[in-house]
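Visitor: Starting off with a structure, shown below.
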Amino acid sequence: MVDEIKSNKIYTPKEARDFLKVSESTMKRMLKGGVIKAYKVSGQYRLWGDEILRLVSPKLESGAYKAYKNLRTKTKDIIGKW
């Protein structure tokens, strides 16, 4: 179990999963979907600590909320025109 993520250290997907408390399938989706940037070394993924920390950053959360709010507003406008 990882207690603290250091931005300049390299982690395995298992260590990242333990820190983020997500399932193996969720981690695979995040890696394949580009939600978290990883590098393949000898056929295995490796992640920089700063990529893991970026996912739990309040800045990312506020950006996601802004994107959601904009999408919701656009959807309401389009539906309102029907």
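Each value in this text was obtained by applying a stated rule to the coordinates, not by laboratory testing. Just so you know, these numbers come straight off a predicted model, no measurement behind them. FYI the Cβ positions are ideal-geometry reconstructions off the backbone, even for glycines, and counts take in every protein chain you see.
Visitor: Taking a spot 7 Å from the Cα of residue 6 along the direction of its beta carbon, which residues of segment 27-60 have an amide N less than 19 Å from it?
Guide: So the set is 46-54.
Visitor: Let me have the relative contact order for the chain, percent, based on Cα pairs under 8 Å that are six or more residues apart.
Guide: Relative contact order for the chain comes out at 31 percent.
Visitor: Among 57, 42, 23, which one shows the biggest mean-square fluctuation in a GNM of the chain, springs joining Cα atoms closer than 10 Å?
Guide: 42
Visitor: If you don't mind, there's one more thing I want to ask. Taking neighbour counts of Cβ atoms within 10 Å as a proxy for exposure, in what order, fewest first, do 76, 28 appear?
Guide: 76, 28
Visitor: For the chain, build the convex hull from the C-alpha positions and give me its volume per residue in Å³.
Guide: Cα-based convex hull of the chain, divided per residue, equals 114 Å³.
Visitor: Just rank 81, 66, 9, fewest to most, by other beta-carbon atoms within 10 angstrom.
Guide: 81, 66, 9
Visitor: Moving to a separate point now. If each residue's Cβ is checked for other Cβ atoms within 10 Å, how do 55, 47 rank with the fewest at the top?
Guide: Starting with the residue having the fewest Cβ neighbours, the order is 55, 47.
Visitor: Could I ask something else about it? Select from 37, 14, 69 the residue whose mean-square fluctuation is largest in a Gaussian network model of the chain (Cα-Cα springs shorter than 10 Å).
Guide: Among 37, 14, 69, the largest mean-square fluctuation in the Gaussian network model of the chain belongs to 69.
Visitor: OK, next. How much length, in nm to one decimal, is gained on full extension between residue 24 and residue 40, taken as 0.36 nm per residue of separation minus their Cα-Cα distance?
Guide: Taking residue 24 through residue 40 to full extension adds about 4.1 nm, to one decimal.
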